[in-house]
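> Please find one structure pasted underneath; my questions will follow.
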Amino acid sequence: GAVVSQHPSWVICKSGTSVKIECRSLDFQATTMFWYRQFPKQSLMLMATSNEGSKATYEQGVEKDKFLINHASLTLSTLTVTSAHPEDSSFYICSARGGGGHGMEQPQHFGDGTRLSIL
Amino acid sequence: AQSVSQHNHHVILSEAASLELGCNYSYGGTVNLFWYVQYPGQHLQLLLKYFSGDPLVKGIKGFEAEFIKSKFSFNLRKPSVQWSDTAEYFCAVMWSGTYKYIFGTGTRLKVLA
C-alpha cells in the first residue's frame, strides 16, 4: 500500500530555533500534500495545502511566515517552523494525496506524525 | 463554517459488545465521508469511505457506516468489538470542490478483554 514517511518522529529544541519536518511519499507521486496540527485530545486541524511546484495555500489563522512549506518534488514536502516558541509545541502530521484513484476519489495517506517540543 | 462533530469522546466497551460512533457535519452540499482509525503509536489508517451510491458502506475489520443525508450523519458501527479495536477513531468530511479534510474531534475507544 501507499506509504508516507515523516521525519523526524520527535524533536526537542530550544526556543528561537527553526525546525524542519520532512514528509515523503515512498512509493507514489503526490501532487498534493497536506499539513495538519493536532493538539492534545483535539482534532487534526489543517494548516496548509501544498502543491508541487507552487506556493502553499494556508488556512485562515495560520502564519505563513512562521510555518514555511516547500513542495520541491512529487515525493517530498517540508514544513519549517521558524523561530519556534513553546506555544508551537504540538503534534504535526502530513498526508499525501495519490497512489491510485482519480479526482475526488484519490485517497489521502498519512504519515506517523512529528512530536515537536520547544523548551 | 464547515465543521464535523463527534459526540462521543470516550467510549468503553466489553468485548463482543456492539459499537456505534456518531459523526455529524455542519451542512449540506455534496460530501465525501471517511472514517479513520489511529492505533496507539501508529498513523491514521482508512477504515472506510463514502463517495456515492449505497449509503451503507462496509469497510475493513468488520466496520460499516451509514450515510443519512437528511441527518447530515455518517455513523460508524461494528456488531461485535474486539480488544484489538482499542484505538482512536476520527470522522472526516471532504466537501465537493475541495480536497481538504475537515476532521471531527475523535473518539477514544477502549475495549475491555
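> What average count of beta carbons from other chains do you get within 10 Å of the Cβ of residues in B:5-15? Mind showing how you got there, number by number?
Numbers: counts 1, 1, 0, 0, 1, 1, 0, 0, 0, 0, 0.
For this peptide, the per-residue mean of nearby foreign Cβ atoms is 0.
> Using the beta-carbon distance between residue A:39 and residue B:80 and R0 = 35 Å, what value does 1/(1 + (r/R0)^6) give for FRET efficiency, to the nearest 0.05? Don't jump to the answer; show the numbers that get you there.
Working: r = 33 Å, r/R0 = 0.95.
The computed FRET efficiency comes out at 0.55.
> Another question, then. About the Cα centre of chain B, what is the dipole size in debye to 20, counting +1 per Lys and Arg Cβ and -1 per Asp and Glu Cβ, all else neutral?
Working: 10 positive and 7 negative charges, 33 e Å.
That gives chain B a dipole magnitude of about 160 debye.
> With the contact rule set at Cα under 8 Å and sequence spacing of 6 or more, what percent relative contact order holds for chain B?
Values: 284 pairs, mean separation 42.3, N = 113.
Relative contact order comes out at 37 percent.
> Please arrange A:95, A:73 by how many other C-beta atoms lie within 10 Å of their C-beta, fewest to most.
On the way: A:95 25, A:73 13.
Result, fewest neighbours first: A:73, A:95.
> Rounding to the nearest 20 debye, state how big the charge dipole of the protein assembly as shown is about its Cα centre with +1 on each Lys and Arg Cβ and -1 on each Asp and Glu Cβ.
The calculation lands at about 160 debye.
> Okay, moving on. Report the calculated FRET efficiency for residue B:45 and residue A:15 (r = Cβ-Cβ distance, R0 = 45 Å), to the nearest 0.05.
Values: r = 35 Å, r/R0 = 0.77.
So, using R0 = 45 Å, E works out to roughly 0.85.
> 7 Å from Cα along Cα→Cβ at both residue B:27 and residue B:68: what's the point-to-point distance in nm?
For the pair residue B:27/residue B:68, the computed spacing is 2.2 nm.
> Projecting each Cα onto the charge dipole of chain B (Lys/Arg +1, Asp/Glu -1 at the beta carbon, about the Cα centre), which of B:27, B:86, B:109 comes out farthest on the positive side?
B:27
> Which percent, to the nearest 5, of DSSP beta bridges fully inside chain A are antiparallel?
Numbers: 38 of 42 bridges.
So the antiparallel bridges amount to about 90 percent of the total.
> Filter A:55/B:58; A:41/B:78; A:14/A:66 down to the pairs with a C-alpha to C-alpha distance above 27 Å, please.
On the way: A:55/B:58 38 Å; A:41/B:78 24 Å; A:14/A:66 16 Å.
Distance filter (> 27 Å) returns A:55/B:58.
> Residues in segment B:25-49 near a label at residue B:96, defined as backbone nitrogen under 20 Å from the 7 Å Cα→Cβ point?
B:25-35, B:49
> Now for a different question. Work out, step by step, the length gained on full extension between residue A:73 and residue A:2: first 0.36 nm times the residue separation, then minus their alpha carbon distance; give nm to one decimal. Could the numbers behind the result be given before it?
Numbers: separation 71, 0.36 × 71 = 25.56 nm, distance 1.70 nm.
Gain on stretching residue A:73 to residue A:2: 23.9 nm.
> Relative to the present Cα-Cα distance, how much length would full extension add between residue A:85 and residue A:119 at 0.36 nm per residue of separation?
In short, 11.5 nm is gained.
> What lysines could a cross-link reach from residue B:69, if we take a straight Cα to Cα line under 16 Å and drop same-chain neighbours fewer than 8 places away?
B:49
> Then there is this: Relative contact order of chain A: what whole-number percent is it, with Cα pairs under 8 angstrom and at least 6 residues apart? Each step should come with its number before you reach the end.
Values: 303 pairs, mean separation 43.0, N = 119.
Reported as a whole number, the value is 36 percent.
Rule-based calculations on the coordinates, nothing more; no lab input. Keep in mind that what you see is a predicted model, and the values were worked out from it rather than measured. Positions of Cβ are generated from backbone atoms using ideal geometry, with glycine treated the same way; all protein chains shown enter the neighbour counts.
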